[in-house]
1. Counting heavy atoms of the protein chains only and a 1.4 Å probe, report the per residue accessible area for region 73-145 as a whole number of Å².
2. Per 0.36 nm of contour for each residue apart, how much would the distance between SER168 and LEU111 grow if the chain were fully extended, relative to their Cα-Cα spacing?
3. Sort 361-371, 44-54 for me by packing, meaning the mean count of neighbouring Cβ atoms within 10 Å per residue, highest on top.
4. Modelling each spin label as a point 7 Å along the Cα-to-Cβ direction, I'd like the VAL259/HIS376 distance in nm, to one decimal.
5. Under the Karplus relation 6.51 cos²θ - 1.76 cosθ + 1.60, θ = phi - 60°, what is the ordered set of whole-Hz ³J(HN,Hα) values for region 42-59, x standing for Gly and Pro?
6. Working from the alpha-carbon coordinates of region 98-152, get Rg over Rh, Rh being the Kirkwood radius.
7. Starting from the Cα-Cα distance between GLU145 and GLU353, subtract it from 0.36 nm times their residue separation and give me the gain in nm to one decimal.
8. So how do 183-192, 85-94 stack up, highest first, on mean other-Cβ count within 10 Å?
Amino acid sequence: MAVQCSTTGRHLRHLLRRPRCICSSAISPRFLTTGAAADAHEAADQMLRTFEGKTATRRQMIDGNQLQKLCITLGRKHLWPDLDVSTGTAPPRGTPLPPGYHLVYFTPSDLEGALGADGSDRTFNAPAPFTRRMWAGGRMRWFHEARLRVGEEVEERTKLVGATAKKSRDGSEMILVEVEKEFWGERGLSLVDQRSWIFRPEALPAAATTTRHDTRSNQPHAALTHGKSEVRDLRPQSTYSNAAAEGAFPERHLSWSPVALFRFSALTFNAHMIHYNESWTRSVEGHPNVVVHGPLNLITMMDYWRDVHGEGGRLHAKQVAYRALSPIYAGESYKISSSTSSDGGDGSSRNSEHPRHELLVKKGQTICMRGEILGHR
């Protein structure tokens, strides 16, 4: 889920601070829990003490079937331009994962009894009462020569790198938690994925409100619960050089149905009820409808970038920094757009070896996610 934030800056790499690193003895993810805390400062300190020097390690085979099911969920017939996966055939061994697609691997493995009241897993969770987790943003860095591939056995290493007490816009307490995941494959380090989560006090049915519903959506309820998902470009996709010459890139318009959100929850084994349980989402969390997953928004943003700016596979994603700023709900229409930027700020980086693009995910005039992607030729 997205979380609102008022921070702004020239480049997103400056928006997410780099906290001090805590590393590194191996532990099992199922033991990553903490006790209750009196306030956000105590909760943050408790997390730092609990997880100092600890790394959670898991190993998994990159399964082609999971990759094919993600493409179908996204409405993409082709995983890569020359690889059609719409017939039900899984990508063959050795097929590289597109940037962001690792998010459907290394999913939670807790028994239902170990999940939070809202269905979310409690790995690297803040102590009670700060148990309501929201995806806030992060950064990823890829190593192209070692990118993950189908059939490869991969090791995920996760550690806590920061926990900070914060105040929300309404003055309530929350905790910013940052974890770092490294993915090691047969060719070495493939990806570093730093994720930022916000933890707020647990939402309970007795404390639910119904007055917020209409203020968080720009469409009526009837339009939110019917129809199928849609992904389309505003105009026929231009070549990279032509789009740049015209001074504008295609806009991608999207809308996700509850069915698609359920499928994505299943793929990621994410039982967080805000993504599929309308009753919980509305009566307890105060949203007008089920919420589009933060990772789903990130994947579609990365897909847009490789379709529009990837130069037919010649340009690879080197790193991305992104912020989730406002939620998107099932049935809502939104768009992804992009512009070319450079370190010098003159917009001339498209011919450089490391072009930089700024991407916006917008619902009407509301920015829901902002990203900056650095490419590599």
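1. Details: 3190 Å² over 73 residues.
Normalised by residue count, the accessible surface of region 73-145 is 44 Å².
2. Values: separation 57, 0.36 × 57 = 20.52 nm, distance 3.19 nm.
Here the segment from SER168 to LEU111 would lengthen by 17.3 nm.
3. Details: 361-371: 18.8, 44-54: 17.1.
Put in order of decreasing packing, that is 361-371, 44-54.
4. The answer from the label model is 4.0 nm.
5. 5, 5, 5, 4, 5, 5, 4, 5, 5, 9, 4, x, 10, 10, 8, 10, 9, 10
6. Values: Rg = 15.0 Å, Rh = 14.1 Å.
We get a ratio of 1.07 for region 98-152.
7. Roughly 73.2 nm would be gained on extension.
8. Values: 183-192: 17.0, 85-94: 13.3.
Packing order, densest peptide first, comes out as 183-192, 85-94.
The values are calculated or read from the model by the stated rules, or taken from the named source; none is laboratory data. Please read all numbers here as calculations on a predicted model, not as lab measurements. Here the Cβ is made from the backbone with ideal geometry for all residues, glycine too, and neighbour counts use every protein chain on show. Heads up: the accessible areas ignore ligands, DNA and RNA and are worked out on the full protein's heavy atoms, side chains in. Shrake-Rupley method; radii C 1.70, N 1.55, O 1.52, S 1.80 Å.
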